[in-house]
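Remarks on the structure that follows.
Where a number appears in this text, it was derived from the coordinates with a stated rule and is not lab data. None of these values were measured; they are calculated from a predicted model. With ideal geometry, Cβ positions are generated from the backbone for all residues, glycine too; neighbour counts draw on all protein chains shown.
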Amino acid sequence: MMKKIVVTLLTDFGLSDPYVGIMKGVIAGIDPSIPVIDISHDIPAQNIYAASYCLKSAYKYFPEGSVHVAVVDPGVGTVRRALAIELASGFLVGPDNGLFSGVLMKDRIKAVVELDNKSYWRTETPSGTFHGRDIFAPVGAHLASGVSLRRIGSEIDPDSIMLLDIPAGVKDGSSISGCIEHVDHFGNLITNIPGDWLTKRSWSVVVADTGIEGGAAYGDAAPGRAVAVIGSHGFLEIAVNGGSAASLLNAGWRMPVQVVLK
Amino acid sequence: MMKKIVVTLLTDFGLSDPYVGIMKGVIAGIDPSIPVIDISHDIPAQNIYAASYCLKSAYKYFPEGSVHVAVVDPGVGTVRRALAIELASGFLVGPDNGLFSGVLMKDRIKAVVELDNKSYWRTETPSGTFHGRDIFAPVGAHLASGVSLRRIGSEIDPDSIMLLDIPAGVKDGSSISGCIEHVDHFGNLITNIPGDWLTKRSWSVVVADTGIEGGAAYGDAAPGRAVAVIGSHGFLEIAVNGGSAASLLNAGWRMPVQVVLK
Amino acid sequence: MMKKIVVTLLTDFGLSDPYVGIMKGVIAGIDPSIPVIDISHDIPAQNIYAASYCLKSAYKYFPEGSVHVAVVDPGVGTVRRALAIELASGFLVGPDNGLFSGVLMKDRIKAVVELDNKSYWRTETPSGTFHGRDIFAPVGAHLASGVSLRRIGSEIDPDSIMLLDIPAGVKDGSSISGCIEHVDHFGNLITNIPGDWLTKRSWSVVVADTGIEGGAAYGDAAPGRAVAVIGSHGFLEIAVNGGSAASLLNAGWRMPVQVVLK
């Protein structure tokens, strides 16, 4: 049996409108046996930074060869290019607007094409407002069905891809600092400081003028109290046992974080 | 290999309760290999007009033969009939309450049955409050598995199906008008005015006492400004580049829209 | 063809973060043909009682052998055990924190293991904060793929499983009382009073100092009025025709309910 290739979807379309279902209908029209997995459809509207973070956090947990279709696309219908990127681990499909920056900080590009072969689109005259349906979903499905990257578009220079300016954590001798890169559903504050920088046995962090002790699990703090842990993505994260760190500390996106090694 | 038939689901059940998962469990109990695709479960509670619009917008993007199970059903357990409708493009399954009006304005009925063959229900004594689980999901799964329409119910007159009174756009010589039929997740205002009525090179619209220029893509307006485009469903749509037209124009459902041809 | 075994997922992760998609990616990495069905991901954060209710309501509608992976896990990374439970109807996988109490009030345990065989985990060094990804999802996928319960862990005493203190309805001669166990998306109030206790032809209920007549369907009350019905799970439920009983009666979780037999 041929191993099925997974298509993942990441958008800012929400789930109240039929847009996500329509993309899945288009994929099913190409091959209804392709497994389609939602990464998220609740990216804040047109927030390319949030989409980049979400995709970077998720893509490596999918099987090799997976095709990640990401559509957060404020420039839809304008001159921005449409891309498919081949990595060692799989494929990325979406607009050339910086969306793939997070992934591309971690993974090397094998090849990139601009999507200009209309025979793999749903229609040769795509809507000016919904390339997810007319270009990205069908191209993703064709890639998952085994069509080669070179057939779906014309190769372009990887260095021409648009990249966002995403701040990285800073390690300068024993000084470690960074910022909050994401606030999740639980109110956990996820930073850009890699956990493997915290090799000392004991450390704490300062965020929003508050000192917080390091631990190994959320439950290492008393109920209602904050704790700093190495989160599941391998980065320093501030959480509250049974509560929301974002609320308790009144902290959010891009706020600075300082590590104190003991 | 037999081509798999897709079942789609459209409800007002939301995703916080287990109701949608239960319907999928019932379908999996009949055949776990049936692909099930969510169109939306966030239809406003018991809003048949919104459900009709959503289904009309989505159904044509699914592969031929797809079975669309729609359950927005304020009359569940009362005398309203339960239906399965065969179209050229696939099947509709749900209550006879007007839910299918949008689809039936576009597509011709081949046959309709009232669901009275209890051997295709989950139980011969269905709950008075959850026909999605006990009647509509299992009937949809059986249709997708190849059971014929005539076996699952008794044929009835297509003209007896309940239809909603849905206003259409009006074209009277060079005067084109209509109303807002849907406000989506982005705050885009989708009208009932077909895009192919706008054949002149240049046009604008007036909505909520505001004149808005026509364009081809959301990005054709300056950031934060409104633009009128032919949306992805083929109807006139008012959007804001990087924002919400519903908020900016304080506009919503059923508000009149006038086209100005130049 | 081998009958496919379904994996269901129940969490409090929400759908805005990639956590649920990541769990599905891990399952697809083990076998992308396993059907995965969401029961709900909108359990209120860390609310084990709500999770227990939701799973109890849903699990019996899935095909025999289904594997239910439930992750509402405030103690993740601490000493609480990780379990897999075999029932006649299928399997339960998740933390030993009371999450399975509702199911275990209805169904007999055939065997239980503590998940200590790391060869069925995603990694031998799991994150201290995301056992859904590293332990529960992969173990669920292996069970669905046919790995036996005894291989994935060490058998433990079923009586050692943590159970929540969940109030049951009370029948004392002709006096029947209970409480509201769940408020659903529609504002329906679902009680812990079994419908089969209401064998008299005529009955009403009192909740929040309001008397409400019994009926068979939501539509048996006038629009905007409350009605008491036997809900789809087989328990007494108070609803409002075209509205929310929770709002109209200002009623919620654990509020007492008294039945009046006539």
Practice problem: Enumerate the amide H contacts of B:Val170 below 5 Å, restricted to partners 5 or more residues apart or on another chain; note that Pro and chain-start residues carry no placed amide H. | Solution: B:Ser177, B:Gly178
Quiz item: Once the principal axes of the Cα atoms of chain A are found, what is the range along each, listed largest first in whole angstroms?
Solution: 60, 42, 39
Quiz item: Longest segment of chain B with no GluC sites (Glu not before Pro) in a DSSP loop having at most 14 other Cβ atoms within 10 Å?
Solution: B:125-262
Practice problem: Quick one: what are the phi-derived ³J(HN,Hα) couplings along the stretch B:98-108, Karplus 6.51/-1.76/1.60 with θ = phi - 60°, whole Hz, x for glycine and proline? | Solution: x, 3, 9, 4, x, 4, 6, 6, 10, 10, 7
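Based on Cβ point charges of +1 for Lys and Arg and -1 for Asp and Glu, what charge dipole magnitude is obtained for the protein assembly as shown about its Cα centre, in debye rounded to the nearest 20?
For the protein assembly as shown, the charge dipole is close to 1060 debye.
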Quiz item: Rounded if a/c is under 1.5, else prolate if a/b is larger than b/c, else oblate: which is the stretch A:1-52, with a ≥ b ≥ c the root eigenvalues of its Cα gyration tensor?
Solution: oblate
Quiz item: So what's the gap between the Cα centers of the stretch A:122-143 and the stretch A:1-66, to the nearest angstrom?
Solution: 14
Exercise. Run the dipole for chain C about the Cα centre, Lys and Arg Cβ at +1, Asp and Glu Cβ at -1, nothing else charged, and hand back the magnitude in debye, nearest 20.
Key: 480
Self-check item: Average other protein chain Cβ within 10 Å of Cβ, residues B:37-49
Solution: 4
Quiz item: Of A:Lys4/C:Lys24; B:Lys118/C:Lys200; A:Lys60/A:Lys110; B:Lys118/C:Lys56; B:Lys106/B:Lys262; B:Lys60/B:Lys171, which sit over 21 Å apart, Cα to Cα?
Solution: B:Lys118/C:Lys200; B:Lys118/C:Lys56; B:Lys106/B:Lys262; B:Lys60/B:Lys171
Quiz item: For A:Val69, what is the net charge nearby, where nearby means another residue's Cβ is under 12 Å from its Cβ and Lys, Arg count +1, Asp, Glu -1?
Solution: 0
Quiz item: If you take every DSSP beta bridge whose two residues both sit in the protein assembly as shown, what share of them, in percent to the nearest 5, is antiparallel?
Solution: 75
Exercise. Tabulate in residue order the Karplus-calculated ³J(HN,Hα) for the stretch C:121-137, using 6.51 cos²θ - 1.76 cosθ + 1.60 with θ = phi - 60°, rounded to whole Hz; enter x for Gly and Pro.
Key: 8, 5, 8, 6, 10, x, 4, x, 10, 9, 6, x, 6, 8, 10, 5, 5
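Using only the Cα atoms of the stretch C:83-142, build the gyration tensor, take square roots of its eigenvalues as a ≥ b ≥ c, and label the shape rounded, prolate or oblate: rounded if a/c is under 1.5, else prolate if a/b is larger than b/c, else oblate. Could the numbers behind the result be given before it?
Working: a/c = 2.63, a/b = 1.85, b/c = 1.42.
Prolate shape, in that a/c is at least 1.5 and a/b is the bigger ratio.
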Quiz item: For the Cα atoms of chain A, what angle does the longest principal axis make with the long axis of helix A:19-30, in degrees from 0 to 90, nearest 10?
Solution: 50
Quiz item: If Lys and Arg each add +1 and Asp and Glu each add -1, what is the summed charge of the other residues whose beta carbon sits under 9 Å from the beta carbon of C:Lys60?
Solution: +1
Quiz prompt | 5 angstrom amide H check on A:Phe235, placed H, neighbours 5+ away | solution = A:Gly195
Quiz item: Can you give the alpha-carbon Rg of the stretch B:57-206 over 2.2 N^0.38 Å, where N counts its residues?
Solution: 1.25
Quiz item: Loop-only check: which trypsin sites (Lys or Arg not before Pro) in the stretch A:54-155 are DSSP coil with at most 11 other Cβ within 10 angstrom?
Solution: A:Lys106, A:Arg108
Self-check item: Scattering curve values for the protein assembly as shown, log₁₀ I(q)/I(0), Debye with Cα scatterers, q = 0.06, 0.07, 0.09, 0.10 Å⁻¹
Solution: -0.39, -0.54, -0.92, -1.14
Quiz prompt | Fluctuation leader among C:Phe186, C:Phe62, C:Phe235 - chain C, Gaussian network, Cα springs under 10 angstrom | solution = C:Phe186
Quiz item: What percent does the relative contact order of the stretch B:21-120 come to when contacts are Cα pairs within less than 8 Å and at least six residues apart?
Solution: 25
Exercise. Report ³J(HN,Hα) in whole Hz for each residue of the stretch C:58-72, in order, from the Karplus equation J = 6.51 cos²θ - 1.76 cosθ + 1.60 where θ = phi - 60°; Gly and Pro get x.
Key: 9, 4, 6, 8, 9, x, 3, x, 4, 10, 9, 9, 10, 10, 10
Quiz item: Could you state the number of Å between the C-alpha centres of the stretch C:225-262 and the stretch A:160-198?
Solution: 49
Quiz prompt | Environment charge of C:Ile161, counting only residues whose C-beta is closer than 12 Å and scoring Lys/Arg +1, Asp/Glu -1 | solution = -2
Practice problem: Compute the semi-axes of the equivalent ellipsoid of the stretch B:123-258, taking the square root of 5 times each eigenvalue of the Cα gyration tensor, and list them largest first in whole Å. | Solution: 41, 19, 14
Quiz prompt | trypsin sites (Lys or Arg not before Pro) lying in DSSP loop within the stretch B:164-211, provided at most 10 other Cβ fall within 10 Å | solution = B:Arg201
Exercise. Report, for chain C, the % of DSSP beta bridges that are antiparallel, rounded to 5.
Key: 75
Exercise. Return the single residue from B:Ser40, B:Ser160, B:Ser244 with maximal mean-square fluctuation; model: Gaussian network over chain B, springs between Cα atoms under 10 Å.
Key: B:Ser160
Exercise. Look at the axis of the rotation that sends chain B onto chain A, then give the chain B residue with the nearest Cβ and the distance in whole Å.
Key: B:Leu15, 4
